[in-house]
Amino acid sequence: QVQLVESGGGLVRPGGSLRLSCAASRSIFSFWVLAWYRQAPGKQRELVAQITKIGTTNYVDSVKGRFTISRDNAKDTVDLQMNSLKPEDTAVYYCNGRWGTIARDYWGQGTQVTVSS
């Protein structure tokens, strides 16, 4: 089994920064893909950023240049550094990991990010 636990959400003013962290119960480098998704009220869950086993990263256009996804080998975490936050970044952010021989998806419980003045 795999567990993913997010932390780091909260309330921040527009233009501010937050760092989300997702702790995995398995070695972070054993995942095929690690990703952050978000879901705003009334909207579908969307992929925000992902990092593959070999380190390739991808971002949704709306966060390019502002968000950075990274892995911490020592802590077995995947982090999302969010800068220049905007009110439209407000959502519940979920950590996702694809793991195992059948590449099953695992999800964290989510962490709320609210960007408001």
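What the table shows:
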item: Residue, farthest from residue 58 (Cα to Cα), within the stretch 77-117, restricted to residues that are among the acidic types (Asp, Glu) and in a strand (DSSP E or B); result: 105
item: Conditions (1) modelled with pLDDT under 95; (2) touching a strand residue (DSSP E or B) at 6+ places or on another chain (Cβ under 6 Å); (3) open to solvent by 20 Å² or more (accessible area, probe 1.4 Å): number failed by residue 81; result: (1)
item: Residue identified as open to solvent by less than 30 Å² (accessible area, probe 1.4 Å), in contact with a Lys or Arg (Cβ under 7 Å, 6 or more places away or on another chain) and of a type in the set (Val, Ile, Thr) among 48, 63; result: 48
item: Flag if residue 39 is modelled with pLDDT of 95 or more and over 15 Å from residue 80 (Cβ atoms); result: no
item: Options 79, 105: the member that is without any contact (Cβ under 8 Å) to a residue 40 or more places away in the chain, in contact with a Lys or Arg (Cβ under 8 Å, 6 or more places away or on another chain) and charged (D, E, K, R); result: 105
item: Subset of the stretch 6-37 [β-branched (Val, Ile, Thr) and closer than 10 Å to residue 78 by Cα]; result: 28
item: Leading residue by the ranking (nearest to residue 93 (Cα to Cα)) among those in the stretch 28-58 that are charged (D, E, K, R) and in a loop (DSSP other than H, G, I, E, B); result: 45
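Yes/no per residue for (1) farther than 22 Å from residue 17 by Cβ; (2) at pLDDT below 95:
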{"position": "61", "(1), (2)": "no, no"}
{"position": "69", "(1), (2)": "no, no"}
{"position": "72", "(1), (2)": "no, yes"}
{"position": "89", "(1), (2)": "no, no"}
{"position": "92", "(1), (2)": "no, no"}
{"position": "103", "(1), (2)": "yes, yes"}
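The values are calculated or read from the model by the stated rules, or taken from the named source; none is laboratory data. From a predicted model like this one, the values you see are computed outputs, not experimental measurements. Note that each Cβ is placed from the backbone with ideal geometry, even for glycine, and that neighbours are counted across all protein chains shown. The protein model used for the area step is the full one, side chains on, heavy atoms only, and it has no ligands, DNA or RNA in it. Shrake-Rupley method; radii C 1.70, N 1.55, O 1.52, S 1.80 Å.
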